[in-house]
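Some notes on the structure that comes next.
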Ligand code: FES
């Protein structure tokens with residue numbers, strides 16, 4: 001599947017993702033800027049914050065209590081479409097569109 005990352009300036013990057021990887025791992029491996037992921041995906045940093053396209057958001061598994069708690073610690077304030085990208089798994093046949101915030105720290 002293709003993950004489309006849009007940065008805060010509106011520039012988009014399409015990345016071919018591997019099912020089972022997270023949206024965070026896909027970004028880091030492909031040099032997509034705007035996702036810091038300080039904790040490496042262990043749900044303790046909130047520097048992998050993204051805004052998910054509303055249509056895509058509806059297809060994702062719900063936010064866990066821990067992710068919800070961490071989303072209060074993002075550098076740019078959370079919105080209804082906020083997720084932590086280390087908690088979003090790439091699924092075969094499911095393209096995703098996310099926007100990275102202006103800053104993660
Ligand atoms: Fe740290 Fe997602 S990478 S919470």
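Just so it is clear, none of the values below were taken in a lab; they were calculated from the coordinates. These numbers were taken from a predicted model, which means no experiment stands behind them. As a convention, Cβ positions derive from the backbone with ideal geometry for all residues, glycine included, and neighbour counts pool all protein chains shown.
One line per residue, one yes/no per condition, for (1) within 13 Å of the chain's Cα centre (by Cα); (2) more than 17 Å from residue 4 (Cα to Cα):
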residue: 18; (1), (2): no, no
residue: 21; (1), (2): yes, no
residue: 58; (1), (2): no, no
residue: 67; (1), (2): yes, yes
residue: 80; (1), (2): no, yes
residue: 101; (1), (2): yes, no
residue: 105; (1), (2): no, yes
Of the numbered conditions (1) in a loop (DSSP other than H, G, I, E, B); (2) surrounded by 13 or more Cβ atoms within 10 Å (Cβ to Cβ); (3) away from the ligand (no atom under 15 Å from the Cβ), residue 3 fails exactly one; give the number of that condition.
(1)
Just to check your reading of the model, which residue among 43, 71 is within 13 Å of the chain's Cα centre (by Cα), touching a residue at least 24 places away in the same chain (Cβ under 8 Å) and either in a loop (DSSP other than H, G, I, E, B) or away from the ligand (no atom under 13 Å from the Cβ) (or both)?
43
